[in-house]
Amino acid sequence: MTAEEPFAVGRSDFATTHWSLVISAGRRGAPESSSALAQLCAVYWYPIYAYVRRRVDDVHEAQDLTQAFFEQLLERRPFEAADPERGRFRCFLLTACQRFLINEWHKGQAVKRGGGRRPLSLDFDSGESRLGLVAADTRTAEQSYERQWAISVLERVMERLRALYNAKDRLRYFDALRPFLAGSPQRHGYAEAARKLGISETTAKVAAHRMRKHYRDLLHTEIAQTVERSEEIGDEIRELFAALGK
């Protein structure tokens, strides 16, 4: 395999991994759908935690509420009820969390720590460390959720891109060319990358172009898992990058 050849990063998995599969989790007896939902929750739990921490002052209560919310989501599977916002997993998850918090506040009871089964292992220590970096910002709880959702998506895509290059024994290409994903390189950037990789500058430029394509395709696939219809993917990607600027 040469540096110029593309990896196989297709979009054909939309039909089996998009949000309609997760909606089917509302029907009992669909273990593959339950597994898909659990995976999405495990990947995107942190934006919900960031939202809850903006709404709940006590850190332990916020952690308990977040854990309890996902337990309820996985066990009750509330997907059969009509919901106009269900089309995007991002919107669905936030709306479900808002309703959950309202119900908990109306009940007037705290969630007991350590009780019950834990279907998801959530790294709250890591979450608190990440929140500490943004604790002084003035975003609303909803804006914080949107931004952290966007960051989680992009981190997931970058992890998949790295794994793709690693699987093809091209990790050094990933390390050398990753800076070019952000846009125009610095002066002599391609020349320096070419020197590190032992290839020509022209080949480095082609390889960077290929990497950007892989990245776009992986982002497309990641977003496809969180929307109901393929025509929503472009809008969701634009909203994702818009949230990063808020």
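No lab work stands behind these numbers, since they all come straight from the coordinates. Everything numeric here is computed off the predicted structure, so don't read it as measured data. No Cβ is skipped: glycine too gets one built from the backbone with ideal geometry, and neighbour counts run over all protein chains shown.
Label-to-label distance, residue 156 versus residue 192, with points set 7 angstrom from Cα along the beta-carbon direction: 3.3 nm.
Spin-label model, residue 105/residue 75: points 7 Å from Cα along the beta carbon direction are separated by 2.4 nm. Distant-in-sequence amide contacts of residue 227, defined by a placed amide H-H separation under 5 Å and a gap of 5 or more residues or a different chain, comprise 19, 89. Sorting the segments 62-73, 211-222, 194-205 by their mean number of nearby beta carbons within 10 angstrom, highest to lowest, gives 62-73, 211-222, 194-205. The phi torsions of region 165-177, fed into the Karplus equation with coefficients 6.51, -1.76 and 1.60 and a -60° offset, translate into couplings of 5, 5, 5, 9, 6, 10, 5, 5, 5, 4, 5, 6, 9 Hz, rounded to whole numbers, with Gly and Pro shown as x.
The lysines whose alpha-carbon is closer than 23 Å to the alpha-carbon of residue 205, local same-chain residues fewer than 8 away aside, are 168, 196, 213.
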